[in-house]
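The values are calculated or read from the model by the stated rules, or taken from the named source; none is laboratory data. Just so you know, these numbers come straight off a predicted model, no measurement behind them. Cβ: placed from backbone, ideal geometry, glycine included. Neighbour counts: every protein chain shown.
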Amino acid sequence: MYKVQKEIEITPTSVILNGQPIATTETGDKMLVELYRRYAGDYPKFFKMDTLCRLGFIAAEIVLREPDCQQPTAVIMANRSASIKNDTDYLATISEGNYYPSPALFVYTLPNIVTGEIAIRHHLQGETSFYILESPKQLEQLVNCQLSIVNYPLPTVLAGWCECSKPDEFYVKMRIIYGTTD
């Protein structure tokens with residue numbers, strides 16, 4: 001059994017934190033840059049990240065800055081399409097007669113890079129996992145299972161469904177949740 005402590009949802013046109021909208025002037029990938037400048041601003045590697053990584057990174061930045069936020073012991077994320085947007089961009093750098101694949105794009109062909117960036121940024125030393133699942137419901141079941149098998153101390157997990165198919169087509173719902181004996 002678990003309880004949601006904080007929650008954020010980001011789409012290309014809106015940001016909802018704990019049920020309340022956050023005003024933005026931009027949309028899509030430009031909105032992520034706007035949010036980065038407002039909530040982080042001191043992690044220059046952000047500008048090298050692909051959109052999937054930027055999305056998860058920004059969601060974590062905002063939700064973890066919330067007052068009374070419990071520090072997560074694990075980061076568990078998932079989506080249905082892995083890193084398809086960046087995989088497609090990387091493949092475009094490889095063509096017959098012009099084989100110069102981009103190392104900068106290659107690193108983001110792994111969807112778990114986003115969980116690593118979050119862990120590095122927030123000095124989290126617990127589990128970091130990125131699963132490819134069919135639906136957010138499966139992620140909820142996975143997290144519930146994770147929280148129910150631990151007896152003590154009950155963990156706090158940063159869990160999120162983070163999907164990105166194009167720079168301006170994305171969705172993340174991220175929660176800080178903790179196990180409960182209720």
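Data for the structure
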item	result
Residue check for Phe46: in contact with a helix residue (DSSP H, G or I) (Cβ under 8 Å, 6 or more places away or on another chain) and surrounded by fewer than 18 Cβ atoms within 10 Å (Cβ to Cβ)	no
Lone qualifier among Tyr108, Tyr99 - being farther than 26 Å from Thr156 by Cα and buried (at least 20 other Cβ atoms within 10 Å of the Cβ)	Tyr108
Ser129 being within 13 Å of the chain's Cα centre (by Cα), of a type in the set (Ser, Thr, Tyr) and modelled with pLDDT under 95	yes
Among (1) at pLDDT 90 or above; (2) outside any strand (DSSP E or B); (3) closer than 30 Å to Glu34 by Cα, the one test that Glu134 misses	(3)
Residue under evaluation Val114, criteria (1) touching a residue at least 12 places away in the same chain (Cβ under 8 Å); (2) closer than 22 Å to Lys6 by Cα; (3) part of a loop (DSSP other than H, G, I, E, B), criterion not met	(3)
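Listed here are the residues, each with its yes/no results for (1) among the aromatic types (Phe, Trp, Tyr); (2) farther than 24 Å from Pro111 by Cα.
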{"site": "Ser14", "(1), (2)": "no, no"}
{"site": "Pro21", "(1), (2)": "no, yes"}
{"site": "Gly28", "(1), (2)": "no, no"}
{"site": "Met31", "(1), (2)": "no, no"}
{"site": "Glu34", "(1), (2)": "no, no"}
{"site": "Gly41", "(1), (2)": "no, no"}
{"site": "Phe46", "(1), (2)": "yes, no"}
{"site": "Glu66", "(1), (2)": "no, yes"}
{"site": "Cys69", "(1), (2)": "no, yes"}
